[in-house]
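Enquirer: The structure's right below; bear with me while I get my questions together.
The values are calculated or read from the model by the stated rules, or taken from the named source; none is laboratory data. From a predicted model like this one, the values you see are computed outputs, not experimental measurements. Here the Cβ is made from the backbone with ideal geometry for all residues, glycine too, and neighbour counts use every protein chain on show. Each accessible area value is taken on the protein alone, full model and side chains, heavy atoms only, with ligands, DNA and RNA left out. Shrake-Rupley method; radii C 1.70, N 1.55, O 1.52, S 1.80 Å.
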Amino acid sequence: AKAEGKNQWALFDTERNASEVAQFRLSATMPAALEHNEFYVDYQPLVGLDHYRVSGVEALVRWWHPELGRLGPDRFIGLAEETGMIVSLGRWVLRQACKQARLWQDEFGSAAPFMSVNLAVRQSRDPNLVSDVAEILDETGLEPGMLQLELTESAIMSTADEPLEALRTLARMGVRIAIDDFGTGYSNLAYLRHLPVHELKIAGSFMEGVGEDQNLDPVDARIIGTVVDLSHALGLTVTAEGVETRAQATRMREIGCETGQGWFFAKPGPPEDVRTLLEAPQDA
Ligand code: C2E
Ligand code: CA
Ligand code: CA
């Protein structure tokens, strides 16, 4: 039994090492993958809850890996953060997304959606952030007001003085700042007063409590209601993430969220999918 036990540990160790090796390989191939255009961006609409019109889109990166196939961001964003690769990958996503937004700006004018791009903690601390964003806006000709940057609560709360100054500069340039996944971390709404934030995105996990009967868990409902009211008092708009059913969309509208995002409206997809929605009659 002792020997068996020992073998089990040996096996366990080997498995762990194998997955560590795989992770290491994955991160080591990222720079070449970026050069070889293995990354691409899907777009998911943000939809007004009172009229169901597309007001914005979120850019979501994917990796088309030659051996492993399609990898979602949960497989590689963490790794990219660890190695620092996220800075160049993030810059690539931003450029891609702004190019796409500019195409829609040209085609749809005032009906064009704004572009929302995720910003990793490490990017928010990158001293070149402001100049990178300015350069990409300049290069693509996208209006700064058509760009939104999403940061998680923990990113924004842990942000030291200098990165905060960068966010303020971006906001002064006209770029919108959103708090992503609100409610999943340590939340401090009072703190928002001192931050250049325009939008708050309520994490999809809050949507779980809404059933087909539209009855939201009363505690959840009061928490969301309070968050929405305080956000409005601070001049922020509120987006409900992870909306999967009509009941959830209706309930979130009743609670006061302006915008929804989720499978009920559209899954993330190629730019053509968004274009189809933008071309559809908008008065339904
Ligand atoms: P996120 O920013 O919260 O993005 C929303 C995620 O929810 C996306 O997952 C989206 O596909 C998924 N989602 C949308 N609607 C629904 C729904 O109705 N139900 C459910 N269950 N899920 C829904 P995805 O694309 O796998 O992205 C995961 C995370 O990876 C993102 O979460 C974001 O934190 C990160 N990420 C994606 N792209 C980038 C990027 O370019 N840069 C950085 N730094 N992070 C990124
Ligand atoms: Ca996001
Ligand atoms: Ca989110």
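Enquirer: Considering only segment 196-225, state which residues are under 23 Å from the mean Cα position of the chain (by Cα), more than 16 Å from ligand 1 (Cβ to nearest atom) and surrounded by fewer than 19 Cβ atoms within 10 Å (Cβ to Cβ).
Expert: Across segment 196-225, the qualifying residues are 196, 198, 220, 223, 225.
Enquirer: Report yes if some residue within segment 71-86 is touching a residue at least 24 places away in the same chain (Cβ under 8 Å), among the small types (Gly, Ala, Ser) and more than 30 Å from residue 160 (Cβ to Cβ); otherwise report no.
Expert: No, every residue in segment 71-86 fails to be touching a residue at least 24 places away in the same chain (Cβ under 8 Å), among the small types (Gly, Ala, Ser) and more than 30 Å from residue 160 (Cβ to Cβ).
Enquirer: Hey, another quick one. Answer yes or no as to whether residue 165 is farther than 22 Å from residue 48 by Cα and at pLDDT 85 or above.
Expert: yes
Enquirer: Another one. Tell me, which residue of segment 138-155 that is in contact with a strand residue (DSSP E or B) (Cβ under 7 Å, 6 or more places away or on another chain) and open to solvent by less than 10 Å² (accessible area, probe 1.4 Å) is farthest from ligand 2 (Cβ to nearest atom)?
Expert: Restricting to residues being in contact with a strand residue (DSSP E or B) (Cβ under 7 Å, 6 or more places away or on another chain) and open to solvent by less than 10 Å² (accessible area, probe 1.4 Å), the top hit is 147.
Enquirer: Among the numbered criteria (1) open to solvent by less than 30 Å² (accessible area, probe 1.4 Å); (2) in contact with a Lys or Arg (Cβ under 9 Å, 6 or more places away or on another chain), which one does residue 234 miss?
Expert: Unmet for residue 234, out of (1) open to solvent by less than 30 Å² (accessible area, probe 1.4 Å); (2) in contact with a Lys or Arg (Cβ under 9 Å, 6 or more places away or on another chain): (1).
Enquirer: On to the next question. Cβ-Cβ below 7 Å, separation at least six or inter-chain, first residue in segment 224-244 and assigned to a helix (DSSP H, G or I), second of a type in the set (Val, Ile, Thr) and within 16 Å of ligand 3 (Cβ to nearest atom): which pairs?
Expert: Final answer for the pair search is 224/202; 227/202; 228/238; 231/238.
Enquirer: Of all residues being of a type in the set (S, T, N, Q) and buried (at least 23 other Cβ atoms within 10 Å of the Cβ) in segment 239-258, which is modelled with the lowest pLDDT? Just the residue, please. Walk me through it before giving the result.
Expert: Keep residues of segment 239-258 that are of a type in the set (S, T, N, Q), which gives 239, 245, 248, 250.
Next cut, buried (at least 23 other Cβ atoms within 10 Å of the Cβ) only: 239, 248.
Values: 239: 98, 248: 92.
Among residues in segment 239-258 that are of a type in the set (S, T, N, Q) and buried (at least 23 other Cβ atoms within 10 Å of the Cβ), the one modelled with the lowest pLDDT is 248.
Enquirer: Looking only at residues that are more than 10 Å from ligand 1 (Cβ to nearest atom) and closer than 17 Å to residue 19 by Cβ in segment 72-92, which one is least open to solvent (accessible area, probe 1.4 Å)?
Expert: 79
Enquirer: Out of (1) surrounded by 14 or more Cβ atoms within 10 Å (Cβ to Cβ); (2) assigned to a helix (DSSP H, G or I); (3) basic (Lys, Arg), what's the single condition that is false for residue 62?
Expert: (2)
Enquirer: Give the residue that is nearest to ligand 1 (Cβ to nearest atom), with candidates limited to residues of segment 113-128 that are among the hydrophobic types (A, V, I, L, M, F, W, C) and open to solvent by 10 Å² or more (accessible area, probe 1.4 Å).
Expert: As a first pass, look at segment 113-128 and keep what is among the hydrophobic types (A, V, I, L, M, F, W, C): 114-115, 117, 119-121.
From the residues that got through so far, the ones that are open to solvent by 10 Å² or more (accessible area, probe 1.4 Å) too are 114, 119-121.
Working: 114: 16, 119: 6, 120: 4, 121: 8 Å.
The residue in question is 120.
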